[in-house]
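Peer 1: Can you keep this structure in mind? I'll have questions shortly.
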Amino acid sequence: MTSTDVLDVRARAKREQRKRRILNVLYLLFGMLLFFVAWWLLSLEASPFYYDIPPPIDAIQHFLGNLGTSSEMRAKFVHACPDLHPDRATNWLRQVGSSLIGYKYTNEGLLPGDPRPIPLGQLPEGCYGYAIHLVVTIIRILIGATLGTVLGITIGLSSLVFPKVAQVFTPVASFFGTAPIFIAAPFFVIWFGVEVPIMTTMGLVTFYTTLLMYFFSRRAAENISVGIVESALTLGGSPRSIFRWVYLPGTVPEIAGGFRIALAGAWGLGVLVEVLGIQVGGGHLIDIWRFLIGLIEAPSALVALITFFGVLAVVVDGILVVIIRFLTRWSESGRRLGL
């Protein structure tokens, strides 16, 4: 009788879990539907925003029509891709790689007989579409967020085991953490220049994520029961073993929730830096269409690009929730943070 009751409880719990997951998906779809309905209402002729907000269908058609190759970009955009080396001209992955690190081929320093850069008008067709810019931005932000997470967790958890690390890093993190991170964006661009995205976009996202993950990892470690740490010390645990077997697994659920928050802010921060002056990326597309705002297709382009990054952030966050639930399925707090 007892075993039957246990099986019934487990089956009921699984049904409730499936119901919650279905409801979460329905809430997400309903929210997106409300967003597009509000967008459509604001674009109606009777709306005071009629001239500023294009209909959703126009923005979607513009985005899809310019995703691969855009004749408008070819005609109007001053700079679509970095100057490319001839042996990289037909390799799309190499174009993305050179754009990520900001490497530009110029005529300066070339020896006689060396390959010359390709003129702007002879760039590959892919350079005149949105795809390469958006892929570069996504990779930059994900790399920066990953590096910042690794650094923040490492410094945050090690500061609990080694107090001297906390004495050095905590004042610095507290100082920069109190200032809005968006204020630092123009200074990164001014200091490192617009042609070095590895130090501007990725650098600022890494810096921002490191600060957030440092505080999240410290708070997560401080929430671990003191009795668990004392038991590990009683059993002869060293600082290294306690870090590996107590702090790391015990802080995963809260750190995972903190990473969601950090990544959500990283999307807007990365695009903002590109708007300020990076020559390749989704923010660069927004910046160029901002200068062409008088053209009839400019509002559609701006709204379409901004909406793309918003939808992308929601999709990536949904994928991250699934991963968090899988990694922290043993933890009730992890499941709550993954909702």
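Peer 1: What are the pairs, 6+ residues apart or on separate chains, where a residue within segment 175-190 that is within 16 Å of Thr209 (Cβ to Cβ) and surrounded by fewer than 17 Cβ atoms within 10 Å (Cβ to Cβ) has its Cβ under 9 Å from a residue that is at pLDDT 70 or above and of a type in the set (Gly, Ala, Ser)?
Peer 2: That search, which allows pairs on different chains as well, returns Phe176/Ala184; Phe182/Gly268.
The rows are residues; the columns are (1) crowded, with 17+ Cβ neighbours inside 10 Å; (2) without any contact (Cβ under 8 Å) to a residue 60 or more places away in the chain.
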| site | (1), (2) |
| --- | --- |
| Glu274 | yes, no |
| Gly281 | yes, no |
| Ile286 | yes, yes |
| Phe291 | no, yes |
| Glu297 | yes, no |
| Ser300 | yes, no |
| Val303 | yes, no |
| Phe308 | yes, no |
| Leu312 | no, no |
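Peer 1: If you scan segment 29-42, which residues turn out to be out of contact with any helix residue (DSSP H, G or I) (no Cβ under 7 Å at 6 or more places or on another chain) and either touching a residue at least 60 places away in the same chain (Cβ under 8 Å) or surrounded by 13 or more Cβ atoms within 10 Å (Cβ to Cβ) (or both)?
Peer 2: Within segment 29-42, Met32, Phe35, Leu42 meet the criteria.
Peer 1: Moving to a separate point now. Could you identify the single residue in Ala232, Ala256 that is without any contact (Cβ under 8 Å) to a residue 40 or more places away in the chain and assigned to a helix (DSSP H, G or I)?
Peer 2: Ala232
Peer 1: What helices (runs of 4 or more DSSP H) completely inside segment 1-90 contain at least 3 residues that are over 25 Å from Glu274 (Cα atoms) and modelled with pLDDT under 85?
Peer 2: Those helices (runs of 4 or more DSSP H) span 2-42.
Peer 1: For segment 163-222, name all the residues that are of a type outside the set (Val, Ile, Thr), at pLDDT 80 or above and within 21 Å of the chain's Cα centre (by Cα).
Peer 2: Met202, Gly203, Leu204, Phe207, Tyr208, Leu211, Leu212, Met213, Tyr214, Phe215, Phe216, Ser217
The values are calculated or read from the model by the stated rules, or taken from the named source; none is laboratory data. All values derive from a computational prediction rather than experimental measurement. Positions of Cβ are backbone-derived with ideal geometry, glycine not excepted, and every protein chain shown enters the neighbour counts.
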